[in-house]
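Engineer: Before I ask anything, let me first share the structure, which is written out below as structure tokens.
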């Protein structure tokens, strides 16, 4: 009888331990499922970056994408479609007047969204407010060439261009590099490691950009990403291809991240 009692007690303990283990696994799985899509990894303006983090994550949870047009910070900029130029499904051209570089003067900003390889690429062209460039634009092939007359633009139609993030925390940068080197495609396995490091040893966005200017407490910023947004960047436009990076947000689905 004593032996049976001991056996019964051991079975009871085993059942309790398995129930506890299952409970912990369910808890961990639930927490992972509820984790925010993006995490803030660099911030130079805490209030702004915290607010944008909430905006991005709420949209990703609700829509599976960032729904820019549903937020006042983005809709404060009144984009007007240039209908005479939008005669096909491969391009969309808009214009707006606002102070994109925060110099106290409004600029004429033309946003061109062009399709290449089934992806769309945003380009921002910046002109003095009194510019007559709009009168030089025409529908059809080559009709937007006048936009190239400005030296002030982000980032152009070169889809091989990447914008390098200059202020990524060193630890995260090393984690990303180690992860990418560990999970190389088969055709890169025999490539020289140092050569690969040169290619991977930086964080970047591009070559198909999503560029969304917005206004926060009277200051203009640009939300920047690409079509597969591992990174989201908020920055201030200074001049051609020059951005002051303010916030970096990283996709938490990458399991190596420890932030």
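Engineer: How do the peptides 60-71, 91-102 rank, highest first, by the average count of neighbouring beta carbon atoms within 10 Å per residue?
Structural biologist: Answer by packing, highest mean first, reads 91-102, 60-71.
Engineer: Please compute the length gained on full extension between residue 65 and residue 136, using 0.36 nm multiplied by the number of residues separating them and subtracting their Cα-Cα distance. Spell out each step's value before the answer.
Structural biologist: On the way: separation 71, 0.36 × 71 = 25.56 nm, distance 3.53 nm.
Taking residue 65 through residue 136 to full extension adds about 22.0 nm, to one decimal.
Engineer: Still on this structure, I have one more. When all alpha-carbon pairs of the stretch 42-92 are counted, what percent fall beyond 16 Å? It would help to have the intermediate numbers written out before the result.
Structural biologist: On the way: 758 of 1275 pairs.
Counting pairs separated by more than 16 Å, the tail of P(r) holds 59 percent.
Engineer: Mean separation of Cα pairs under 8 Å and 6+ residues apart, divided by the residue count of the stretch 48-113: what relative contact order is that in percent? Present the calculation step by step, with values, prior to reporting the outcome.
Structural biologist: Details: 64 pairs, mean separation 12.6, N = 66.
For the stretch 48-113, the relative contact order is 19 percent.
Engineer: Given the convex hull of the Cα atoms of the stretch 69-164, what is a quarter of its surface area in nm²?
Structural biologist: Details: hull surface 29.6 nm².
Averaged projected area of the stretch 69-164's Cα convex hull equals 7.4 nm².
Laboratory data are not the source of any read-out in this text; all were calculated from the coordinates shown. Just so we're clear, the structure is a prediction, and the values are computed from it rather than from any experiment. Please note: Cβ atoms are built from the backbone with ideal geometry, for glycine as well, and neighbour counts cover all protein chains shown.
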